[in-house]
There are 2 protein chains.
Amino acid sequence: MNAVHLTADLHGCPAGLPAMRDTEALRELCLHAVREAGLQAVGELFHRFPAPGGVTGAVLLAESHLAVHTWPEHGTVTVDAFVCNASADNTGRAERLLEAVVAPFGAAQVLRQRLSRSSPAAPPPAGQPHPPA
Amino acid sequence: MNAVHLTADLHGCPAGLPAMRDTEALRELCLHAVREAGLQAVGELFHRFPAPGGVTGAVLLAESHLAVHTWPEHGTVTVDAFVCNASADNTGRAERLLEAVVAPFGAAQVLRQRLSRSSPAAPPPAGQPHPPA
């Protein structure tokens, strides 16, 4: 099992965007992005905090998860796109998913980070010998 | 807004553990860990994949989220504990949450990583002047 975890921290997002405060708007944005990226949703959950708070949500994927949190009172949004590469290399799909969620927020600044969640005990790629014990 | 994101990738987990395959067992483990860490759940969602697959789940928190994925066929589990520090420094709670989820899986190897999700545009701590423009 190896996996890639992409994060984006958005700043300077307009507080009036529906997806900053409304669970249905954020849900539609997320599910559309998942479909466009060619990933498979298996469940989703969104929660709205009392004003002036924002919305928090997760889409469970066959390939792992998407999580989004908004803070309209700070103009801030965080996005996590975590996909495993168990049956295919989904890295490109994770990148498309992240960008499809990030773009509609119109952020002034975006801090992107990438974590390899690869296994230290992962087997070598097919066709390559195991390292000596 | 600043936040800390802790991850743990577990390897060599016994495939027969109930939390590796059963949504209710994983749900109970997660919600217990959230309570013990002093964090507040606002929603939770778990999904079981067809055998030999595992369980995937997320707990939405007032402070952000916990996500867990299991691959019993590989003896692998991933855990994400993401907490914002908007109203208090929740870093210690995130560390307790992560360890409370990790420990019951009895992993042979654990790869831990830590991401700062701090804002590049975050205001300075109270009492310190803003930097010159």
* To do: Please express the shape of chain B as an equivalent ellipsoid: the semi-axes are the square roots of 5 times the eigenvalues of the C-alpha gyration tensor, given largest first in whole angstrom.
  => 32, 15, 12
* May I ask for the net charge around residue B:41, where only other residues with Cβ less than 14 Å from the Cβ of residue B:41 are counted and Lys, Arg are +1 while Asp, Glu are -1? => -1
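How many Cβ atoms of partner chains, on average, are near each residue of B:43-52 if near means within 10 Å of its Cβ? If you can, show how the numbers build up before the last one.
Details: counts 6, 2, 9, 2, 6, 1, 2, 0, 0, 0.
Averaged over the peptide's residues, the number is 3.
Mind checking A:56-67 for the average number of partner chain beta-carbons within 10 Å of each residue's beta-carbon?
Values: counts 9, 5, 10, 2, 8, 3, 4, 2, 5, 10, 2, 8.
So the per-residue partner count for this stretch is 6.
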* Helix A:91-102 sits at what angle to the longest principal axis of chain A, using alpha carbons and giving 0 to 90 degrees rounded to 10? -> 10 degrees
* **Using alpha-carbon coordinates, inclination of helix B:23-37 to the longest axis of chain B, degrees** => 30 degrees
* the protein assembly as shown, Rg to Rh (Cα coordinates; Rh as Kirkwood inverse mean 1/r) -> 0.97
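Apply 1/(1 + (r/R0)^6) to the Cβ-Cβ distance of residue B:112 and residue A:36, taking R0 = 35 Å, and write down the FRET efficiency to the nearest 0.05.
Values: r = 33 Å, r/R0 = 0.94.
About 0.60, to the nearest 0.05.
Within 11 Å, Cβ to Cβ, of residue B:85, how many net charges do the neighbouring residues add up to if Lys/Arg are +1 and Asp/Glu are -1?
Working: positive: B:93, B:117; negative: B:63, B:89.
In short, 0.
Bear in mind these aren't lab numbers, they're just calculated from the coordinates by the rules spelled out. No experiment lies behind these values; they were computed from the predicted model shown. All Cβ positions, glycine included, derive from the backbone under ideal geometry; neighbour counts span all protein chains shown.
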